[in-house]
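*Asks:* Below is one structure. I have some questions about it.
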Amino acid sequence: MGKNFFFDRNEPVPIDRVDGRAKVTGTATYAAEYKTQQIAYGFLVGSTIAKGRIKSLDTKMAERAPGVLSVITYLNAPKLPGYQTGKDPSKPPTAGQPLRIFYDNEIFYYDQPVALVIADTFERAVHAATLVKAQYEKAVHQTELDANLSRAKVPTGPRFEDYKRGEADAYKNAPVKIEQEYHHPIEVHNPMELASIIARWEGKEQVTVYTKTQGVEATQRSIAAAFKMPLENITVNAEHIGGAFGMGLRTWPYEIACVMGAQKIGRPLKLVLHREQMFTNVGHRPETIQKIGMGATTDGKLVGLTHEAIADTSSYEEFTEATVNISRFLYACPNVTTRYRLVPLNICTPIWMRGPGEATGAFALESAMDELAFALNLDPLEFRIRNHSDTDPERNLPWSSKHVKECYEMGAEKIGWKERKLQPRALKDGDWLIGYGMGTGSFGAFRGAATVKIKLEPDGKLLLQCSVNDMGPGTATMMTSIASNEMGWPVNQIKVEMGSTNFPPGPTQGGSTVTSTVGAAVQETCTALKEKIAELAGKAGSAFQAVKAEDLKFSATGISLQKDASVKIAYNELLTKNGLAALELTRESKAKQQQSYSMYSFSVHFVKLRVHPPTGRIRIDHVVSCADAGTIVSPKTAASQMIGGVVGGIGMALMEDMVIDHRFGRPVNNNLADYHVPVNADIPPVDVLFVNKKDPHTNPMGSKGLGEIALVGVAPAVANAVFNATGKRIRSLPITPDKLME
Amino acid sequence: MLPLIKFILNNKDIATKLPPGMVLLDFVRYHQHLTGTKVGCNEGDCGACTLLVGELKNNEMQYRSLTSCLTPLGNVHGKHVVTIEGLNMEGLNPIQQAMYDESATQCGFCTPGFVVSLAGFCLSGKNASTQNAIAAIDGNICRCTGYKSIERAAAKVAALMQARSSTEPIVFVTENNILPAWFATIKQRLYFLSTELNGQLQPTTAKEWVGGGTDVYVQKHDVMKDASIRFLFDEGGLKGITQQGNRCIIGASATVTDLCESPILQLHFPRLADHMKLVSSTPIRNIATVGGNLINASPIGDLTIFLLALDATLVFRHGEQQREIPLRQLYKGYKTLDKDPKEQLVTISFDLPGAFTLFNFEKVSKRTNLDIASVNTAICLTMADDRIQWARIAAGGVAPIPKLLEQTSAFLGGQVITETTIQEAIAIAQTEISPISDARGTADYKRLLLGQLMKAHFLELFAKAAH
């Protein structure tokens, strides 16, 4: 790895979003907006029961309606070869049998698609969808987690077995202890863009799709498996997607339905879900009931920690996440027990939502830390410092880097933590009670594999290609930033193409891994390019005989010798002399097998807020979020990403809650008027502070992930501040005014 | 036969025979292929489809932002419609540049809506404060950026407008290259367009009536497209807020924004701006009509509660016949009205508060903007020295209908305000209401909340006034 002046100096140069221009002018194209001749429109009809069988389906009226091209149901759907094996066709993140759309008459959840109506216009499809008449044989459904706890089961596979370090449930014998239950409702990703797909077949063998996915290759594999087609016959494009927050981490049945429908009618087909269907058909953050038992010595050293979680999943798949895992390593504690259970319900399979299980788990753990600190009469920040884990107690390994104490220090300073009183209700401003709270977050710093293709044009323009896409954080900007710094090129000389299976393989965007994975690949590919340029220079003229990349100074137009700037050659000349029109190379990059360090990103969130006891209203005054995410590669996009996560956390803490009417098993507030996400006026000033220290082990840039830790730990910081303000401990999210009114 | 609808879309003259009930969003995206305007919810909740609509008012261009998913083509007949594409210039315009420089876009899906709302601020003639620029984006939801970068961009946009003083906004923004130069031609083009319009929009046998569309297009979007519609939004006789003696007369099609901007109301309701900013969001307030809020009969309509406390009187018209009815007698049960379907609401009137009359409105909702109240309430008191001469208090979200608390009001008449009086009034109010538990709160919470908001009325009107 060549020495990198930029990252070693640790002074990132802020660059603007490379896709900013397209986005502020409305010219960025999203899945539903690709122009295709002869396109037809689909609309899904959902079941009106939550469990049972379709008794009869009458599609005659719909089929006769003006403009209708086809109505697909389980009765006439093309038999997908991948559905016939009985094996999982799409390798989703779950055990079990993914929903096979239009496969048989069984209903697993409310609004499960029972028909796809296809017409020549969207309005006609929507209208004809109202003419499909289904009758059902209803069975007793179960959608209420709390009422089904007796059916809780340990998920399949070794990752989710009960964990024990030291003595089981040792907290019970500690001198000071707490034992509490925490609840978190179903949250729905609700990106601004609706789930959308266009599928277009070329003949019988080739299909191209434009879809809202976080991983074009994962979607390509799913379609290949369902239709038993070679991968190379499937092109998946998703250059821009309008947010996803995890809902694009798998291929959903509606996507398979669209590809199926386009094949059946022999025309391109567009299928866009309605906002209501976004609540029922594309996953959710599972509801959880968690129990924490925590005990400490009287001087505030943790003795034992037990963390149990029970979460919902669908009745046909096991969806799992790392809800309890954070309790195993965040604090130094000799005795830790974790247990994780699932309850199958008549609901669509959940999917990771930003911060995923770690965010849910941190709500319980970090609330409990605050409760125990209060029981100990200790400042909760001091309590955390006393229990800081200097090494990873779960794996017994050193951290690759951990700067949580610096986060504590700078965050406390910025929020004015010293103003905080140990006793609740001690700070007032008129009718309002003021409180301070904090919460810690963490997420694994993973790195996967990516291949990047780079092309140097004679005029010094660089083109980078990778299949990875961008749901918003700024992937292309990060890639440009790294290439610009590695090559010493100005940003406007670099172009990134991505979001298509036409480009070399890249990772799915999820789990805060893209900067580590793709960034490293960009850097390594740039290094390889520089070496190749040196080699070509050696062939091009005696002045560069046997030079190495480090002997050269690279500019956007050509190279010169480090020792003697007058010895130079322009790229066009260099390429001509080597008989090349352009210089292209492709490199795969992946993490070395790394067993000797434990790698995590960390965040610490501080909240100052006010509560109005007469009405229960809460106003957040200030948030300070500190991140230990290694080197910050792209400061502008990183700061935005961080604030966005904090606001997601405020939504989780104060608003987001999908309410199910359990009598019918269907959501009550399935629209953006009743399912609340924060508006601008709800959000106070948010300060983001980065430790910005290179992690020596994660990847060549020394970065760690950011997208998840931005949210993990925010909700408990809010809940803890509410307690500090009011003396009321709210253990069930969201913290709505009715829970606080006095 | 479908009427010919004419308007200007960005810089282009439009004459279309598409159904006048089709929403503007579908027209620009599907028929004009202007896909910069996004579809997020189809219910006016997200702001991704925000457009600007301009019309000639007193020889000045008046632009308003609105949610195009709820606006029928019939409501833009003879007007100027602006999409994000219409704001694009050679290079970025300064609003877009501010958004770009501040990294105020992530996934980018909500971004055009924010840019359009900020352009709406520039064209609004509002004071060039950061606060006003930020208020202009109160109807736009962003799920990625966390809003802070957008606020910074809004502050820059406000700064752009600070040199305007008395210049007409549209002149200022074209002269200063904030918006494309062709905006300067719009006023004259609209004037000529207005001379060509001949009222062809109003079918005699309309089945559906539409005001601003903010409720009816949420309730029955699909039906409306091909329905025969009478468009009330621009009907001359239904507009305007006027004063006759001490009586205020509001046309049924006056919008919430019209109320906010009425000098008559501003004079008589000093806290009007504070009350009205709690009502939904800017683009909805720009099109939601007072009449619509009353007739949709929501038990929690903000304006309904406001007007109940003012004891408003409604005038209905049916052919040549007119009928007057007090608002308090309109609601017979959940969403049932004492109104013949053929009767049309024409005006709403009430006595303007005199020197001894006090008025207050309170609303608690989970979210600051774009939210329906958990409970809202308004009070109107006429004082004789320290004594309440008579009182009217109304509350929403606590009964199947917007509720005038008659017994509580009667009790308060003649009382001196003491803590005991207020406690007794609250106790009586509890006997008059029947809230249910729903997504906006439990029944118990709503009961408690009404009590607290009643206290807030008295605190606001007396304790704070005393300081």
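*Asks:* Name the residues whose placed amide hydrogens come within less than 5 Å of the amide hydrogen of A:Thr235, ignoring near sequence neighbours (fewer than 5 apart) on the same chain.
*Replies:* Long-range HN contacts for A:Thr235: A:Val207, A:Thr208, A:Val209.
*Asks:* How many percent of DSSP beta bridges within the protein assembly as shown run antiparallel, rounded to 5?
*Replies:* 80
*Asks:* Still on this model: Could you list B:Lys220, B:Lys342, A:Lys739 in order of exposure, starting from the residue whose Cβ has the fewest other Cβ atoms within 10 Å?
*Replies:* B:Lys342, B:Lys220, A:Lys739
*Asks:* Region A:712-742 to region B:281-303: how many Å between their Cα centroids?
*Replies:* 33
*Asks:* Can you run phi through the Karplus equation (6.51, -1.76, 1.60; θ = phi - 60°) for region A:635-652 and list ³J(HN,Hα) in whole Hz, with x for Gly and Pro?
*Replies:* x, 5, 5, 5, 5, 4, 4, 5, 5, x, x, 4, 5, x, x, 5, x, 4
*Asks:* Also, quick follow-up: Counting pairs of alpha carbon atoms under 8 Å apart in space and at least six apart in sequence, what relative contact order in percent does chain B give?
*Replies:* For chain B, the relative contact order is 11 percent.
*Asks:* Scan region A:92-180 for chymotrypsin sites (Phe, Trp or Tyr not before Pro) in coil per DSSP, keeping those whose Cβ has at most 16 other Cβ atoms within 10 Å, and list them by number.
*Replies:* Within region A:92-180, the qualifying chymotrypsin sites (Phe, Trp or Tyr not before Pro) (loop, at most 16 other Cβ atoms within 10 Å) are A:Tyr103.
*Asks:* Where a ≥ b ≥ c are the square roots of the eigenvalues of the C-alpha gyration tensor, would you call region A:10-71 rounded, which needs a/c under 1.5, or, failing that, prolate if a/b is larger than b/c, or oblate?
*Replies:* Oblate.
*Asks:* Any idea how far the Cα center of region A:487-546 sits from the one of region A:587-612, in Å?
*Replies:* Each part's Cα centre sits 26 Å from the other's.
*Asks:* On to the next question. Residues of B:362-368, mean number of Cβ from any other protein chain within 10 Å of their own Cβ, rounded to a whole number?
*Replies:* 6
*Asks:* Structure shown: which of A:Lys453/A:Lys548; A:Lys414/B:Lys156; A:Lys60/A:Lys204; A:Lys55/A:Lys79; A:Lys428/B:Lys277 lie over 24 Å apart, alpha-carbon to alpha-carbon?
*Replies:* A:Lys414/B:Lys156; A:Lys60/A:Lys204; A:Lys428/B:Lys277
*Asks:* Highest first, please rank the peptides A:693-700, A:113-120 by the mean number of other Cβ atoms sitting within 10 Å of their residues.
*Replies:* Most protected by this proxy first, the peptides run A:113-120, A:693-700.
*Asks:* What percent do you get for the relative contact order of chain A when only Cα pairs under 8 Å and 6+ apart count?
*Replies:* Relative CO of chain A lands at 16 percent.
*Asks:* Using per-residue counts of other Cβ atoms within 10 Å, averaged over each peptide, order A:58-68, B:236-246 from highest down.
*Replies:* A:58-68, B:236-246
*Asks:* Using the Kirkwood radius over C-alpha pairs as Rh, can you work out the diffusion coefficient of region B:5-196 via Stokes-Einstein at 4 °C, viscosity 1.567 mPa s, in µm² per second?
*Replies:* For the chosen part, D equals 78 µm²/s.
*Asks:* By the gyration tensor of its Cα atoms, with a ≥ b ≥ c the square roots of the eigenvalues, what is the shape of region A:197-264: rounded for a/c under 1.5, prolate for a/b over b/c, or oblate?
*Replies:* Because a/c hits 1.5 or more and a/b exceeds b/c, region A:197-264 counts as prolate.
*Asks:* Looking at the calculated P(r) for the protein assembly as shown, what percent of the C-alpha pair distances fall above 54 Å?
*Replies:* 22
*Asks:* How large is ³J(HN,Hα), in whole Hz, for each residue of region B:432-446 in order, when computed from phi with the Karplus curve 6.51 cos²θ - 1.76 cosθ + 1.60 and θ = phi - 60°, using x for Gly and Pro?
*Replies:* Calculated HN-Hα couplings, in order: 9, 10, 8, x, 10, 7, 8, 4, 9, x, 7, 4, 4, 4, 5 Hz.
*Asks:* For every helix of n ≥ 4 consecutive DSSP H residues, a contribution of -39,500 (n - 2.57) applies; sum these over chain B, divide by its total residues, and give [θ] at 222 nm rounded to the nearest 500 deg cm²/dmol.
*Replies:* -8500 deg cm²/dmol
*Asks:* Then there's this: Count the DSSP beta bridges whose two residues both fall in region B:166-295, then state the antiparallel fraction as a percent rounded to the nearest 5.
*Replies:* Of those bridges, close to 60 percent are antiparallel.
*Asks:* Using a 10 Å cut-off around each Cβ of peptide B:304-310, what is the average number of partner chain Cβ atoms that fall inside?
*Replies:* 0
*Asks:* Please report the antiparallel percentage of the DSSP beta bridges confined to chain B, to the nearest 5.
*Replies:* Around 90 percent of the beta bridges assigned by DSSP in chain B are antiparallel ones.
*Asks:* Of chain B, which part is the longest with no GluC sites (Glu not before Pro) in a loop (DSSP not H, G, I, E, B) and with at most 13 other C-beta atoms within 10 angstrom?
*Replies:* B:91-319
*Asks:* Taking only the alpha-carbon atoms of chain B, what semi-axes of the equivalent ellipsoid follow from 5 times the gyration tensor eigenvalues under a square root, in whole Å, largest first?
*Replies:* In descending order the semi-axes read 39, 26, 21 Å.
*Asks:* Relative contact order for region B:357-466: what percent, with Cα pairs under 8 Å and sequence separation of 6 or more?
*Replies:* 25
*Asks:* What net charge do the residues around A:Tyr675 carry, taking every other residue with its C-beta under 13 Å from that of A:Tyr675, with Lys and Arg at +1 and Asp and Glu at -1?
*Replies:* Local net charge: -2.
*Asks:* Got a sec to turn the phi values of region A:669-686 into Karplus ³J(HN,Hα) couplings, 6.51 cos²θ - 1.76 cosθ + 1.60 with θ = phi - 60°, whole Hz, x for Gly and Pro?
*Replies:* 10, 8, 7, 7, 7, 9, 8, 8, 10, x, 9, 3, 5, 7, 9, x, x, 10
*Asks:* Separate question: May I ask you to order B:9-15, B:288-294, A:624-630 by the average number of other C-beta atoms within 10 Å around their residues, highest value first?
*Replies:* A:624-630, B:288-294, B:9-15
*Asks:* Taking H as built 1.01 Å from N, whose amide H comes closer than 5 Å to the amide H of A:Leu397, not counting residues under 5 places away?
*Replies:* The answer is A:Asp392.
*Asks:* Round to a whole angstrom and tell me the spacing of the C-alpha centers of region A:151-167 and region B:360-418.
*Replies:* If we compute the Cα centre of each part, the gap is 56 Å.
*Asks:* Next question, about the same structure. Let me confirm one metric for peptide B:44-53, namely the mean number of other chain beta-carbon atoms within 10 Å of its residues' beta-carbons.
*Replies:* The per-residue average across the peptide is 2.
*Asks:* Please list the non-local residues whose amide H lies under 5 Å from the amide H of A:Ser603, H modeled 1.01 Å from N, same-chain partners needing a gap of 5 or more.
*Replies:* Residues meeting the amide H criterion: A:Gly441, A:Ser442, A:Asp628.
*Asks:* Beyond a 27 Å Cα-Cα separation, which of these cross-linked pairs lie in this structure: A:Lys402/A:Lys636; B:Lys207/B:Lys366; B:Lys6/B:Lys220?
*Replies:* B:Lys207/B:Lys366
Coordinate-derived values only; no laboratory data. Bear in mind the structure is a predicted one, so any value in this text is a computation, not a measurement. Counting neighbours? That spans all protein chains shown, and the Cβs are built from the backbone with ideal geometry, glycine included.
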